[in-house]
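Here the structure is laid out as structure tokens; the discussion comes afterwards.
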Amino acid sequence: MAMRPIIGIFGGCFDPPHLGHLALARAAVKHFAFDELHVIVVADAAHKTFEAPATDRLELARLTFAESLVELRALVALDRHRYTVDALEAYGYDDPIFLIGADELAALPTWREPERVLELARLGVAARPGYEPPLTSPRVELFELEPHPISSSEIRRRAGAGEPLGGLVVPAVADYIEAHGLYARL
């Protein structure tokens, strides 16, 4: 009997993706030994607004993940579902591990159909050392991630002010943001 592949899913707005996102993906790949990592760029999330168009965010995610995670198959795709539960139901994964940060675990009760999300996927929660989860379940597994004090909002602010983005995003993302005038203040 063939073993089923271990699929990780890392969804988000990625407006823009940064080195903290990449560190989370790498730590999860190491911890869970994924066969594939599916990076899902949410086109229009129910809970957030975006500054960059979905097509640009998709390219930024491709530049960050597909070109950096060469040790496994990293698929980057655009998702038109507004809610995680809808995306998980539509794609029909076989018990994937959906990656989130510890702050998102605390907000899980506010998600649409959180119990159904836990039926459709296990949660891989990136937690700083010593973190105690607000929710324990056999469907939730913590993995350690050293804190990365980087935020997409700070990157957007810096890009808008014409400040360098070195050390915050992969070089190809910084080049793309500059070449396409993303986050420029009008």
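The values are calculated or read from the model by the stated rules, or taken from the named source; none is laboratory data. Being a predicted model, the structure only gives us computed values, none of them experimental. No Cβ is skipped: glycine too gets one built from the backbone with ideal geometry, and neighbour counts run over all protein chains shown.
At-a-glance table
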quantity: Residue in the range 6-14 that is within 12 Å of the chain's Cα centre (by Cα), crowded, with 16+ Cβ neighbours inside 10 Å and assigned to a loop (DSSP other than H, G, I, E, B) present; calculated: yes
quantity: Any chance Ile40 is in contact with a Gly (Cβ under 7 Å, 6 or more places away or on another chain) and touching a residue at least 24 places away in the same chain (Cβ under 8 Å); calculated: yes
quantity: Residue tally, condition modelled with pLDDT under 95, part of a helix (DSSP H, G or I) and not charged (D, E, K, R), over the range 28-53; calculated: 1
quantity: Filtered residues of the range 1-59 (kept if within 22 Å of Arg73 (Cβ to Cβ), touching a Lys or Arg at 6+ places or on another chain (Cβ under 8 Å) and of a type in the set (Phe, Trp, Tyr)); calculated: Phe14
quantity: Residue list for the range 46-86, filter: charged (D, E, K, R) and over 12 Å from Val173 (Cα atoms); calculated: Lys48, Glu51, Glu71, Arg73, Asp79, Arg80, Arg82, Asp86
quantity: The range 106-135 residues that are among the aromatic types (Phe, Trp, Tyr), paired with ones that are assigned to a helix (DSSP H, G or I) (beta carbon under 8 Å, 6 or more apart); calculated: Trp111/Thr84; Trp111/Val85; Trp111/Val117; Tyr131/Ala102
quantity: Checking Glu89 against (1) modelled with pLDDT under 95; (2) surrounded by 14 or more Cβ atoms within 10 Å (Cβ to Cβ); (3) more than 23 Å from Val169 (Cα to Cα); (4) touching a helix residue (DSSP H, G or I) at 6+ places or on another chain (Cβ under 8 Å), the condition it does not meet; calculated: (1)
quantity: Candidates Arg57, Arg62, Arg156 - the one that is free of Cβ contacts under 8 Å to residues at least 24 places away in the same chain, under 20 Å from Cys13 (Cβ atoms) and crowded, with 17+ Cβ neighbours inside 10 Å; calculated: Arg62
quantity: Every residue from the range 162-180 that is surrounded by 10 or more Cβ atoms within 10 Å (Cβ to Cβ) and small (Gly, Ala, Ser); calculated: Ala172, Ala174
quantity: Residues (more than 13 Å from the chain's Cα centre (by Cα), over 12 Å from Leu37 (Cβ atoms) and not hydrophobic (A, V, I, L, M, F, W, C)) located in the range 67-86; calculated: Glu67, Arg80, His81, Arg82, Tyr83, Asp86
quantity: Selection from the range 15-33 of residues that are touching a residue at least 40 places away in the same chain (Cβ under 8 Å) and over 15 Å from the mean Cα position of the chain (by Cα); calculated: His31, Phe32
quantity: Unique match (being buried (at least 17 other Cβ atoms within 10 Å of the Cβ), among the hydrophobic types (A, V, I, L, M, F, W, C) and modelled with pLDDT of 95 or more) among Leu108, Leu145, Leu120; calculated: Leu120
quantity: Residue pairs meeting the criteria (Cβ under 6 Å; at least 6 apart or on separate chains; first over 16 Å from Ala45 (Cα atoms) and free of Cβ contacts under 8 Å to residues at least 60 places away in the same chain, in the range 83-104; second of a type outside the set (Phe, Trp, Tyr) and buried (at least 21 other Cβ atoms within 10 Å of the Cβ)); calculated: Ala102/Val125
quantity: Breaking point among (1) touching a His at 6+ places or on another chain (Cβ under 7 Å); (2) farther than 25 Å from Glu115 by Cα, for Phe143; calculated: (2)
